[in-house]
Amino acid sequence: MNFIVRPLYWLAGKIFSVWARPAIQPEQPAGLVIDDDAAVCYVLESGGLADVLALERACEKHGMPSPSRSLVYNGRRFSRSFVVLRPLHGLIVRRPRPEGSRRLRQIIDAGNGGSEDLLLIPVAIYWGRSPDKESSFLKLLFSENWDVVGRTRKFFATLLHGRSTLLRFSDALPLSSIQKEGLDPAIEFRKVSRILRVHFRQRRAATVGPDLSNRRTMVNEVLRTPSVRKAIVAEAGDDPARLESSREKARAYALEISADISYPTIRVIQRVLRWLWHKIYDGIELNHVERLHDVAKEKEVIYTPCHRSHFDYLLLGYIGYGEGLQLPHIAAGINLNLPVIGPILRRGGAFFLRRSFRGNRLYAAVFDAYLHQVLKRGYSIEYFVEGGRSRTGRLLEPKGGMLAMTVRSYIKDPKRPVVFVPIYFGYEKLIEGDSFISELGGTEKQSESLLGLLRSLKALRENFGRVYVNIGEPVELENLLDAANADWRDFGDSEERPRWLNGVIDDIGKEIMGGINAAAAVTPISLLAYVLLATPRQKIGAAELEAQLQLSVDLMNRFRYSESVTVPDWTPRRIIGHGEKLKAVERTSHPMGDVISMPEQTAVLMTYFRNNILHLLAMPATVACLFIQGRRLEMSEIQRLVGLIYPFMAKELTLQWDGEAVEKVIDEAVDALVEQGLLKREGNLLVRPPAGSSSGYQLIMLGQSMVPMLQRFYLVVAILVQHGTGTLSRVQLEKMCQSSAERLSMIYGLHSPDFFNKTLFHDFIKKLQEQDVLTRNDDGLLDFDEALVGIGTDARLVLGEEIRHSILSLTMPGDLVNE
C-alpha cells in the first residue's frame, strides 16, 4: 500500500504547505534535540493528518528529523517517528482509546534491555490559537478549546485556521531516565503516559486556559462556600424571612463580580486591539518574556503590573494571548462596568470589584470565595497592587487587599504553586496625560462614562510612539511563606487571620514593587524628559543635549540598577529626532547651533515620564547633587550625607537597597562618576571638574535631577523648625508644605503639580515618623529634637542661598497655619 499512500501523503503535504503556516515556538526548536546519537520520536496529543502535516512542515523548516520517516530503535523498526498519546477511535463519534497508545507501548517494550536512548519530544498543536492572524468571525466557532473533536470539526478547524495555528515543541523526555529505574514494562508505560498527559494538560492550561465551568456554575459554587453561607445567615439576622433575600443579594453580588469568559469574544477583541495598536503605536517592544513561559507551565501566575493607563489591561492580555499563554482573569474597578463596555470586558476575562469592602461583610465573603474558586481551578489572574493609576509616574504604595485574599486562598488549598510576576509598562505618551495633570492640580477626578470614552477617541488620531513591556523576576509565594512561618500549611482551616500574615503581605508588596522598578524600560522620551527637565527653562543647545543624553545612557549601562532594565540602543541624534516626531520637543535654528526646548505645557506632562526612570540614576545623581555648591568632599562625608537622605529617597522612588547594601551602592555610584570623568579622586577627597568645563556642566546637570526632591525635603524641615516643636499637626504641616511648594514652583521653576503633590509630602512626613525623627504628642501635634535642625544645616551643601532664602521666607508663621 505504500506506493499509494506515500504519493497521497506527499500531495497532501504540498497542499497543506500552501494553506497552513503555523506559528512555531520556541523560535529554534532544533536545540531541544539534546543528544545527537539518540533516536527522536515526536509525541502528539490527539493526532490526525493535519497535525502530522503541520509537524512535518515545522521539522522541515528547522532541519529536524522528519516524523514520517521510519524509526529504528534498539534493532526494531517502526514505520513512523511519532506517536499519538490519545488516539481516537469510532467511525462517527470519536473518543480516546481507553488503553492508550499502542505504538508508545511497543516503543517502550523495545527499549527494555537495549543500550540505545530515545528522545520523546512532546508537540502541542492548537488550531485557532495564533490570535494575531485571525480574520473571520466563522473561525471563532472552530477554535481550540478542551473538547475532544472529531474529523468534521478538525477538518473545519484546519480549513479555517490553517494560518492561525500555534505549534509548540517542548523539552525532550529521554526514555533512559525512566528505564534506569528498572520498572516492569507495563508500569513503565503507564508512568511515561502519565508524564506526557500531565505535560499536555499543563501546556493546554497555560495556552488555552483551564477547563473552567460556565459562569452560572461558578456562581453556584461560590454561594455554596461555607464562608458565604455563614455571611448570608449573618446578613439575615434572626429573621428567617430575610434569609432568601440575603441569598439573592449574595447571588447578585456574585454576578456583579464574576467574569463570563467567551473565547469568540476574546478573539474579536484581539482583532480590534491589533487594529488599535497598529493605528496609534509604532510598535510594542516585549522583553524577558521567557520568564513568563518558564513559570506558566507548572505554576499559578498572578500578573502584577504597574498601573499607568487603562490601556494596561488591554496590552497585557493582548501580549500574553499572542505569546500562546492563557488569558488571565483581570481585576477591574467597578467604575469600568459601563453600559456596552462592561459586558465586553467581562467576556474578555474581567471581573469587577468595588473600591471598598468596608462595612459589607457579605460582599467581602462573596468576593473572597470567587477569587478562591478562580485560583483553585487554575486560572491566572491579573491585578494592580497599586490600586489605581499613578498620576505622577512614580510607583504608588502597594495595597494589600487583593494580595491578602490571594495568599489566604493559597494557604487554604496549596496545590499549584503561586508566583507573582511584576510587569513594567513604559509609555511614550498617555491618553490620560492631560487629565492626570488636572487632577494633580486639584481638579476632581472625573468618573468613567461611556460618553467620556467616546470623547477620548479623538485622541487616537495622534501618534503615541512605542510601548515597552518588560517582564520582571517572578516572586515565589511559597518561599515568602516558608520564611515567615514554616508551619503555614497548618493554618489552612483557620478562619482567623494569622498575625504573621500581615508581614508576608507587606513583603510581597515590597518584592513586587521592587521587581517592577528593577524591570524598568528606559524610553527615548523618558531620556529626553530626564535631561531637559534638569535645565532651568527646559531649553538646551542641541550639542549639549546630545552629550548629556549620551552621558545618561552610559551611566545607566555602567551603574546597572538591575540586569532587567532595558536601555535603548539609539544615538542621541535619533532620540532627539524621535522626540520631535512625537512633538515632545521643539527645535529652533540658530547660526551658533540649534536649540532644543520643551513648551511649558509639554514639560509639565513630561515630568511623568522623567519620574518613570528617576530611580535608575538616583544614587549617582544624589552624589552629583552634593557638588552643586561645593567643589570637594571627603568620601566619608558623601557616605554620611547620602545615607542621611536615602531612607526618604527610597520611600519616594521605591529604591531596592536596604541596610548595609546602601554603603556599597554609594561607592559604586562614585566609581561610575569617576569613570565618566565627572569626579576625580585626590586621596580621600572627591573633586569636581573646574567651573566652566564641559564635564563640570554635565555633573551639575545630573545633580539637578534630584534637586526638586531635596527642595521638598528641606521645605518640610524648614516649616517644622520655623514653627517649633509641638505646634503643628500632621494635617496642618501637609497643607502648608503643599501651598508653599506651589508658590516656590511658580517663582523658581516649572509650575508643575508634580512638585507640590500632597502625597509626596504625606509620605515624607510619614517616613520621618517611622524614623522617630518626628513623634506625635498627646495633643496630636508633632514633636522633634535637634536632629531635625541638623538636617536643615546639611541642606546648605545642596541648595543655593537664593532657594534656601525663598523657602525660609515662605515658612514664616502666619495665615497659612490657620487656613
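The values are calculated or read from the model by the stated rules, or taken from the named source; none is laboratory data. Here the structure is a predicted model, which means the values were calculated and not measured. With ideal geometry, Cβ positions are generated from the backbone for all residues, glycine too; neighbour counts draw on all protein chains shown. For accessibility, only protein heavy atoms count, side chains too; no ligands or nucleic acids. Shrake-Rupley method; radii C 1.70, N 1.55, O 1.52, S 1.80 Å.
Working only within the stretch 36-59, note down all residues that are in a strand (DSSP E or B) and open to solvent by 10 Å² or more (accessible area, probe 1.4 Å). Steps first, please.
Of all residues in the stretch 36-59, those in a strand (DSSP E or B) come to 39-44.
Matches in the stretch 36-59: ALA39 only.
Might you let me know whether the stretch 420-433 holds any residue that is outside any loop (DSSP other than H, G, I, E, B), open to solvent by less than 50 Å² (accessible area, probe 1.4 Å), modelled with pLDDT of 75 or more and over 24 Å from GLY348 (Cα atoms)?
In the first step, residues of the stretch 420-433 are kept if they are outside any loop (DSSP other than H, G, I, E, B); the result is 420-427, 433.
Okay, now just the ones that are also open to solvent by less than 50 Å² (accessible area, probe 1.4 Å), so 420-427, 433.
Narrowing further to those that are modelled with pLDDT of 75 or more: 420-427, 433.
Add one more test, that the residue is over 24 Å from GLY348 (Cα atoms), and what stays is 433.
Scanning the stretch 420-433 turns up at least one residue that is outside any loop (DSSP other than H, G, I, E, B), open to solvent by less than 50 Å² (accessible area, probe 1.4 Å), modelled with pLDDT of 75 or more and over 24 Å from GLY348 (Cα atoms).
Report yes if some residue within the stretch 283-291 is assigned to a strand (DSSP E or B), among the hydrophobic types (A, V, I, L, M, F, W, C) and either on the phi < 0 side of the Ramachandran plot or open to solvent by 10 Å² or more (accessible area, probe 1.4 Å) (or both); otherwise report no. Full working, then the answer.
From the stretch 283-291, those assigned to a strand (DSSP E or B) are 283-287; that's our starting set.
Keeping just the survivors that are among the hydrophobic types (A, V, I, L, M, F, W, C) gives 284, 286.
The next check asks that each one be either on the phi < 0 side of the Ramachandran plot or open to solvent by 10 Å² or more (accessible area, probe 1.4 Å) (or both); those that pass are 284, 286.
There is at least one residue in the stretch 283-291 that is assigned to a strand (DSSP E or B), among the hydrophobic types (A, V, I, L, M, F, W, C) and either on the phi < 0 side of the Ramachandran plot or open to solvent by 10 Å² or more (accessible area, probe 1.4 Å) (or both).
Taking the stretch 728-752 on its own, how many of its residues are closer than 16 Å to ILE765 by Cα, touching a residue at least 60 places away in the same chain (Cβ under 8 Å) and surrounded by fewer than 18 Cβ atoms within 10 Å (Cβ to Cβ)?
Just the residues of the stretch 728-752 that are closer than 16 Å to ILE765 by Cα, to begin with: 728-741.
From the residues that got through so far, the ones that are touching a residue at least 60 places away in the same chain (Cβ under 8 Å) too are 728, 732, 735-736, 739-740.
Filter once more, so that each one left must be surrounded by fewer than 18 Cβ atoms within 10 Å (Cβ to Cβ): 735, 739.
Matching residues across the stretch 728-752 total 2.
Looking at the stretch 343-357, which of its residues are charged (D, E, K, R), touching a residue at least 24 places away in the same chain (Cβ under 8 Å) and more than 17 Å from ALA254 (Cβ to Cβ)? Show your work before the answer.
Of all residues in the stretch 343-357, those charged (D, E, K, R) come to 346-347, 354-355.
Subset that is touching a residue at least 24 places away in the same chain (Cβ under 8 Å): 346-347.
Within the stretch 343-357, no residue meets the criteria.
Residue check: is ARG391 open to solvent by 10 Å² or more (accessible area, probe 1.4 Å), closer than 30 Å to GLY579 by Cα, touching an Asp or Glu at 6+ places or on another chain (Cβ under 6 Å) and modelled with pLDDT under 95? Let's see the steps before the verdict.
On the way: open to solvent by 10 Å² or more (accessible area, probe 1.4 Å): yes; closer than 30 Å to GLY579 by Cα: yes; touching an Asp or Glu at 6+ places or on another chain (Cβ under 6 Å): yes; modelled with pLDDT under 95: yes.
When the stated conditions are applied, ARG391 passes them.
Looking at the stretch 228-265 only, could you name the residues that are more than 29 Å from the chain's Cα centre (by Cα), open to solvent by less than 50 Å² (accessible area, probe 1.4 Å) and of a type in the set (S, T, N, Q)?
The one that is more than 29 Å from the chain's Cα centre (by Cα), open to solvent by less than 50 Å² (accessible area, probe 1.4 Å) and of a type in the set (S, T, N, Q): SER246.
Out of (1) open to solvent by 20 Å² or more (accessible area, probe 1.4 Å); (2) free of Cβ contacts under 8 Å to residues at least 24 places away in the same chain, what's the single condition that is false for PHE756?
Of the numbered conditions (1) open to solvent by 20 Å² or more (accessible area, probe 1.4 Å); (2) free of Cβ contacts under 8 Å to residues at least 24 places away in the same chain, the odd one out for PHE756 is (1).
Evaluate the following for MET635: is it in contact with a Leu (Cβ under 9 Å, 6 or more places away or on another chain), of a type outside the set (D, E, K, R), open to solvent by 20 Å² or more (accessible area, probe 1.4 Å) and over 19 Å from TYR424 (Cβ atoms)? So that I can check it myself, show each step before the final result.
Numbers: in contact with a Leu (Cβ under 9 Å, 6 or more places away or on another chain): yes; of a type outside the set (D, E, K, R): yes; open to solvent by 20 Å² or more (accessible area, probe 1.4 Å): yes; over 19 Å from TYR424 (Cβ atoms): yes.
For MET635, the condition - in contact with a Leu (Cβ under 9 Å, 6 or more places away or on another chain), of a type outside the set (D, E, K, R), open to solvent by 20 Å² or more (accessible area, probe 1.4 Å) and over 19 Å from TYR424 (Cβ atoms) - is met.
For the stretch 714-724, indicate whether the set of residues that are open to solvent by 30 Å² or more (accessible area, probe 1.4 Å), among the hydroxyl-bearing types (Ser, Thr, Tyr) and in contact (Cβ under 8 Å) with a residue 24 or more places away in the chain is non-empty.
No, every residue in the stretch 714-724 fails to be open to solvent by 30 Å² or more (accessible area, probe 1.4 Å), among the hydroxyl-bearing types (Ser, Thr, Tyr) and in contact (Cβ under 8 Å) with a residue 24 or more places away in the chain.
In the stretch 355-371, how many residues are of a type outside the set (Phe, Trp, Tyr), open to solvent by 10 Å² or more (accessible area, probe 1.4 Å) and in contact with a Phe, Trp or Tyr (Cβ under 7 Å, 6 or more places away or on another chain)? Steps first, please.
Kept after step one, since they are of a type outside the set (Phe, Trp, Tyr), are these residues of the stretch 355-371: 355-356, 358-362, 364-366, 368-369, 371.
Narrowing further to those that are open to solvent by 10 Å² or more (accessible area, probe 1.4 Å): 355-356, 358-361, 364-365, 368.
From what is left, the residues that are in contact with a Phe, Trp or Tyr (Cβ under 7 Å, 6 or more places away or on another chain) are 364.
Summing the residues that are of a type outside the set (Phe, Trp, Tyr), open to solvent by 10 Å² or more (accessible area, probe 1.4 Å) and in contact with a Phe, Trp or Tyr (Cβ under 7 Å, 6 or more places away or on another chain) in the stretch 355-371 gives 1.
Answer with yes or no whether ARG216 is out of contact with any Cys (no Cβ under 9 Å at 6 or more places or on another chain), under 30 Å from PHE200 (Cβ atoms) and not in a loop (DSSP other than H, G, I, E, B).
Values: out of contact with any Cys (no Cβ under 9 Å at 6 or more places or on another chain): yes; under 30 Å from PHE200 (Cβ atoms): yes; not in a loop (DSSP other than H, G, I, E, B): yes.
Judged against the criteria, ARG216 is a match.
Among the residues in the stretch 773-786, are any closer than 29 Å to ILE628 by Cα, assigned to a helix (DSSP H, G or I) and either at pLDDT 90 or above or of a type in the set (A, V, I, L, M) (or both)?
No, every residue in the stretch 773-786 fails to be closer than 29 Å to ILE628 by Cα, assigned to a helix (DSSP H, G or I) and either at pLDDT 90 or above or of a type in the set (A, V, I, L, M) (or both).
Taking the condition out of contact with any Lys or Arg (no Cβ under 7 Å at 6 or more places or on another chain) and either under 27 Å from PHE464 (Cα atoms) or among the charged types (D, E, K, R) (or both), does GLY579 pass? Spell out how you get there, then give the answer.
Details: out of contact with any Lys or Arg (no Cβ under 7 Å at 6 or more places or on another chain): yes; either under 27 Å from PHE464 (Cα atoms) or among the charged types (D, E, K, R) (or both): yes.
Yes, satisfied.
Only residues that are modelled with pLDDT under 90, among the small types (Gly, Ala, Ser) and either under 15 Å from LEU788 (Cα atoms) or assigned to a helix (DSSP H, G or I) (or both): list them for the stretch 725-758, please.
Matches in the stretch 725-758: SER739, SER740, ALA741, SER745.
Are there helices (runs of 4 or more DSSP H) fully within the stretch 337-418 with at least 3 residues that are within 21 Å of GLY509 (Cα to Cα) and more than 17 Å from the chain's Cα centre (by Cα)? List them.
Numbers: elements: 341-347, 361-376, 401-412.
Once the helices (runs of 4 or more DSSP H) in the stretch 337-418 are filtered for at least 3 residues that are within 21 Å of GLY509 (Cα to Cα) and more than 17 Å from the chain's Cα centre (by Cα), what remains is 361-376, 401-412.
Could you check the stretch 477-582 for helices (runs of 4 or more DSSP H) lying wholly inside it with 1 or more residues that are open to solvent by 60 Å² or more (accessible area, probe 1.4 Å)?
Working: elements: 477-484, 501-518, 524-532, 542-558, 572-581.
Ranges flagged: 477-484, 501-518, 542-558, 572-581.
Within the stretch 588-605, work out how many residues are in contact (Cβ under 8 Å) with a residue 12 or more places away in the chain and either surrounded by 14 or more Cβ atoms within 10 Å (Cβ to Cβ) or assigned to a loop (DSSP other than H, G, I, E, B) (or both). Steps first, please.
Residues of the stretch 588-605 that are in contact (Cβ under 8 Å) with a residue 12 or more places away in the chain, as a first pass: 593-600, 602-605.
Now drop any that are not either surrounded by 14 or more Cβ atoms within 10 Å (Cβ to Cβ) or assigned to a loop (DSSP other than H, G, I, E, B) (or both), which leaves 593-599, 602-605.
Qualifying residue count for the region: 11.
Working only within the stretch 666-676, note down all residues that are in contact with a Leu (Cβ under 9 Å, 6 or more places away or on another chain), of a type in the set (Val, Ile, Thr) and surrounded by 19 or more Cβ atoms within 10 Å (Cβ to Cβ).
VAL670
How many residues are over 30 Å from LEU788 (Cβ atoms) and either charged (D, E, K, R) or open to solvent by 60 Å² or more (accessible area, probe 1.4 Å) (or both) if we restrict to the stretch 677-713?
9
For the stretch 111-124: of the residues being within 22 Å of SER66 (Cβ to Cβ) and open to solvent by 10 Å² or more (accessible area, probe 1.4 Å), which is farthest from the chain's Cα centre (by Cα)?
Start the filter on the stretch 111-124 by keeping residues that are within 22 Å of SER66 (Cβ to Cβ), which leaves 111, 116-124.
After this cut, where a residue has to be open to solvent by 10 Å² or more (accessible area, probe 1.4 Å) as well, the list is 116-117.
On the way: GLU116: 45, ASP117: 42 Å.
Restricting to residues being within 22 Å of SER66 (Cβ to Cβ) and open to solvent by 10 Å² or more (accessible area, probe 1.4 Å), the top hit is GLU116.
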